[in-house]
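The values are calculated or read from the model by the stated rules, or taken from the named source; none is laboratory data. Fair warning: this is a prediction, and the values are worked out from it, not measured in the lab. Side chains are part of the model used for accessible areas, which takes the heavy atoms of the whole protein and leaves out ligands, DNA and RNA. Shrake-Rupley method; radii C 1.70, N 1.55, O 1.52, S 1.80 Å.
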Amino acid sequence: MAGIEGLGRAFNIVPIAAGAAISMRDCGGITFVCTGADTFTLTVSDAFGGSYATPGNTITHKITNSATNGTAAWVTTSQSASNAVTIASGAVAFFVSGDSLPDGKSYVKVTASGSGLVTAVLHDLNTQRKADNLAIVGA
């Protein structure tokens, strides 16, 4: 059986997402994957170019990895509820559900306090697009 490409159908990726405004209107949630010894802070807004503020303490667990090259296992750990995640090295991933955002807030940003890198994986897409021409292929 042939596989089906997931990009644009099951997920979308924002490779360089640090400080970028991302709409959650057409997805169920976003997993942010961050690297570098840094603090990564989640903020939300009701408009793309609007004013971003804390969504409250929505992050209660994170998944960490001591290596960024795939040689170590991911480990789920809990953290005190916050809108930020801090790591000393390696990588960290955390999930933000659209349901966890305050009413009316559908835009998110994750900002690194220093030189950390952020990638966003949008999944459970409501609108699916073909990767070759971005035409809508499903609702």
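How much of the DSSP bridge set in the range 6-119 is antiparallel, in percent, rounded to the nearest 5?
Of all bridge pairs located within the range 6-119, approximately 95 percent are antiparallel.
Give the shape of the chain as rounded, prolate or oblate, defined through the alpha-carbon gyration tensor: a ≥ b ≥ c are the square roots of its eigenvalues, a/c under 1.5 means rounded, and otherwise the shape is prolate if a/b is larger than b/c and oblate if not. Mind dumping the intermediate values first?
Details: a/c = 1.87, a/b = 1.20, b/c = 1.56.
Taking the square roots of the gyration eigenvalues as a ≥ b ≥ c, the chain is oblate.
When the chain is modelled as a GNM with alpha-carbon springs shorter than 10 Å, which of Phe32, Phe48, Phe95 fluctuates the most?
Phe48
From the phi of every residue in the range 31-45, what ³J(HN,Hα) in whole Hz does the Karplus formula 6.51 cos²θ - 1.76 cosθ + 1.60 yield, where θ is phi - 60° and glycine or proline is x?
9, 9, 10, 10, 10, x, 6, 6, 10, 10, 10, 8, 10, 9, 8
Assuming a ≥ b ≥ c are the square roots of the Cα gyration tensor eigenvalues, decide whether the range 2-54 counts as rounded (a/c under 1.5), prolate (otherwise, with a/b larger than b/c) or oblate.
Note, shape of the range 2-54 comes out oblate.
Report the relative contact order of the chain, percent, no decimals, based on alpha-carbon pairs under 8 angstrom and at least 6 residues apart.
42
Mind listing the phi-derived Karplus ³J(HN,Hα) values for the range 107-123, rounded to whole Hz, using 6.51, -1.76 and 1.60 with θ = phi - 60°, and x for any glycine or proline?
10, 10, 9, 10, 10, 8, 6, x, 9, x, 9, 10, 10, 10, 10, 8, 9
I want to verify a result. In a Gaussian network model of the chain, Cα cutoff 10 Å, which of these has the top mean-square fluctuation: Gly104, Gly36, Gly116?
Gly104
I'd like the carbon and sulfur percentage of the solvent accessible area for the chain, probe radius 1.4 Å, heavy atoms only, ligands and nucleic acids excluded.
54
Report ³J(HN,Hα) in whole Hz for each residue of the range 56-71, in order, from the Karplus equation J = 6.51 cos²θ - 1.76 cosθ + 1.60 where θ = phi - 60°; Gly and Pro get x.
Whole-Hz 3J(HN,Hα) from phi for the range 56-71: x, 8, 9, 8, 10, 8, 9, 10, 10, 9, 6, 10, 10, 10, x, 8.
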